[in-house]
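Some notes on the structure that comes next.
Please treat every number below as a calculation from the coordinates, not as lab data. Remember, it's a predicted structure, so these values are computed and weren't measured experimentally. Cβ placement follows ideal geometry from the backbone for every residue including glycine, while neighbour counts extend to all protein chains displayed.
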Amino acid sequence: MKRPHPAGVLCCSRAAGIRFGLLAIFLAVVLAVPASASKKVIFDTDPGTDDALALMLALNSPELDVRAITVVPGNVTAEMGLENALRMVSLANRCDIPVAAGARHPLFQKLVTAEFWHGKNGLGNVELPASKCKVDARFGPDLIIQLVHASPHEITLVPVGPLTNIALAVEKDPSIVPLVKEVILMGGSITGGNVNAAAEANIYNDPEAAQIVFQAGWPLTMVGLEVGDKALFTGKYLDELKKTHGPLNDFIVSVAGFMVNLSASFGSPGSPMYDPSAVAVAVDATLVRVQEMHVDVETRGEFTRGETVGNRHGGVERNVLRGDRYVIEGVDKVIPNAKVCVDVDADRLLQLFVSRIRGK
Ligand code: BDR
Ligand code: CA
């Protein structure tokens, strides 16, 4: 047997020492990061195909620490949404995350479900195995209140469905508002709707709840159609995802495949990444360009109920009654209540999504 040269032993043992040292530093950093540096997130969802993509993005992103999932009716009924959420956390082996049922219907109107867009089971007709995770007994809005008080100024709310649960939490306990770190929601549009000419689906499905959430007074980022409609998930990104395998990866490939095919049947080259965009912004805010403005939700318009009305120039004319008419006497400033995402680096967002789902 050839004996190793003494210099070789020296070199390798020193190299091994250096490697060990680097590994120790790496482990120290990695083990230190999740608890302190990652954002604590409550994910409120109506799953939903793009909700599924968004949830898996959140669970696969070390920047986020998903503390709870609360379910709201929207794309599907409350029951079906809960079942979908439970099956997904089970697939991801994350029974440690509480999954709670929330509202059963919007605040003041009948529920509109969207199996038309999301498949008869809400998950693009992709059947997941029964869940090994159990539902949390707490009511979703109560769980939100509890977790916010338990971690004051640390929780980011990421709602990607109608805003019913968030509004119920605020109505029940307004003291959570200054304790929430920020709200990053998927919903709204300042350039026309996707359910009709004016309204985006999440806001349209509970406009009164949305108005409560927008006026609450917390830091709020609106990730609306200006982002989702540009971040189109096309066959190119699907092909990338198909290169890796695993239960979660394969599930997302199937759901995203359903979405891409559906979009193609409507003549679109890809499927809008609505809900994943909100999660992506929570991971990396530099993906979008924002404009601060005051946003109100139209709750009465004949053609515009559910529209998010953004004041882009920051002012409202002041009209004063003089005799039989009003006269404009100046412009009152309006205080912004939202950062509205007006543009996105779509390819970077889609690459982030693909790489995270692939576990890279
Ligand atoms: C929103 O509506 C739902 O159908 C999607 O899940 C998304 O949250 C897009 O308008
Ligand atoms: Ca949704």
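General remarks:
- Relative contact order (%) - criterion: Cα under 8 Å, at least six apart; region: the range 39-357: 19
- Selection from A114, A256, F139, by position along the positive dipole direction of the chain (Cβ): A256
- Between the C-alpha center of the range 85-113 and that of the range 206-284 there is a gap of 18 Å.
- Ordered by the number of other Cβ atoms lying within 10 Å of each residue's own Cβ, fewest first, M273, M56 fall into the sequence M56, M273.
- Along each principal axis, taking the top coordinate minus the bottom one, the Cα set of the chain gives 109, 45, 43 Å in descending order.
- Shape metrics for the range 153-266, restricted to C-alpha atoms - Rg then Dmax, Å: 17.1, 48
- Residue among N261, N84, N202 with the largest mean-square fluctuation in a Gaussian network model of the chain, springs linking Cα atoms under 10 Å: N261
- Neighbour-count order for V279, V148, fewest beta carbons within 10 angstrom listed first: V148, V279
- Mean Cα-pair separation over length for the range 210-339, i.e. relative contact order, pairs under 8 Å, 6 or more apart, %: 27
- Within the shell of other residues whose beta carbon sits under 12 angstrom from the beta carbon of L168, the net charge comes to -4, with Lys and Arg scored +1 and Asp and Glu -1.
- Hull volume per residue, based on the alpha-carbon atoms of the range 158-201 and their convex hull, is 82 Å³.
- The range 31-109: C-alpha pair distances exceeding 22 Å, %: 24
- When the P(r) of the range 218-360 is calculated, the portion above 19 Å amounts to 63% of the C-alpha pairs.
- Taking each DSSP H run with n ≥ 4 as -39500 (n - 2.57) and averaging over every residue of the chain yields -12500 deg cm²/dmol at 222 nm.
- Size of the range 310-360: Rg and Dmax of its alpha carbons, in Å, are 22.1, 70.
- Counting every other Cβ atom within 10 Å of each residue's Cβ, S151, S61 order from fewest to most as S151, S61.
- With θ taken as phi - 60° and the Karplus curve 6.51 cos²θ - 1.76 cosθ + 1.60 applied, the whole-hertz 3J(HN,Hα) list for the range 194-206 is 10, 9, 7, 5, 10, 10, 8, 4, 5, 6, 4, 7, 6 Hz, x standing for glycine and proline.
- Size of electric dipole in the chain: Cβ of Lys, Arg +1 and of Asp, Glu -1, about Cα centre, debye, nearest 20: 1680
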